[in-house]
Structure formats: structure tokens, C-alpha cells
Amino acid sequence: MLIRSGDMIEVQTGNSRGKRAKVISVLNDKGKIVVEGVNLVYRHMKRSQKNQQGGRLSKEMPIDVSNVLIVCGSCSKATRIGVRVSADGGKSRFCKKCSGELSVLRPPRAAKALGKKAVASKAAVST
């Protein structure tokens, strides 16, 4: 999943449609995210040692990733994102509308010397 916690997103469907907010957490296995102030539900709490007052506490519940778009930092539009792999092996996310870079997923890799196995397999392939 290309959405990370801390990203600014815009909700596309549901009661909070059009709202821009920050991602609190990402649930990769379920394909859902928890967003600040979106999909609020009430949790009815009884009075206890921890919660002296009791009552209705509101909390955020997860929403599906397909219902949100990332907001680009440079063009400030809700957009799809793509992944670019640079020549030096680095990976980064980019905006599909303005082609601006959003963040780096993997830093560039250092050049490694070829080992004996790699050289032997390349020689076998070329002949």
C-alpha cells in the first residue's frame, strides 16, 4: 500500500466526503486506514477507575483505502500516486498530476562489486 501514516489525504466517499485530514495509522492486512476526524463513532463507556466521568466518547474507525486520495504537497490537489525507480536503485512516490515527488520509499543503493557467482552466471548467459 502506498499510503503511509502522516500523509495528508482527501476522503472521496461517505459522510466525510471532501474532508482533508492526516492519516493516523495504516492497517495493511485489511486494506484500511484510520484518519483523524473521519468515520467517528461513539463508544459508550461506563464509569470506572480509569474513566471517572463515563459517557459517550467519540473515536475514529478505519475506512477503506479505495475511498481516499493523497493530497500532493506541491500542487495541493487530491491525486493518485505512482512509484518511480531511479537509475541508482532508489524508489520514490510521485504525484500523477504534477509529477512532483512526494517521498522516498527506498534510498539509492550503493554500487556493489560483482561476486564470482554473478560473473559466472553472466558469462553463461552471454555465450
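The values are calculated or read from the model by the stated rules, or taken from the named source; none is laboratory data. These figures come from a predicted structure and were not determined experimentally. Using ideal geometry, Cβ is built from the backbone for each residue, glycine included, and neighbour counts are taken over all protein chains shown.
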Which listed residue is without any contact (Cβ under 8 Å) to a residue 60 or more places away in the chain and part of a strand (DSSP E or B), from Lys30, Lys50, Lys97, Lys22:
Lys22
Spot the failing condition for Leu105; the list is (1) at pLDDT 85 or above; (2) surrounded by 14 or more Cβ atoms within 10 Å (Cβ to Cβ), and only one is missed.
(1)
If I filter segment 18-60 down to residues being among the charged types (D, E, K, R) and under 19 Å from the mean Cα position of the chain (by Cα), which single residue comes out as surrounded by the fewest Cβ atoms within 10 Å (Cβ to Cβ)?
Asp29
It is to be established whether one or more residues within segment 73-83 are in a strand (DSSP E or B) and more than 21 Å from Met8 (Cα to Cα).
no
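Among Ser99, Ser5, Ser66, Ser25, which is the only one that is of a type in the set (S, T, N, Q) and in the same structural domain as Ala110 (by TED's automatic domain parsing)?
The match here is Ser99.
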Flagged in segment 61-88 as surrounded by fewer than 17 Cβ atoms within 10 Å (Cβ to Cβ) and of a type in the set (S, T, N, Q), in numbering order, are Ser66, Ser74, Ser76, Ser86
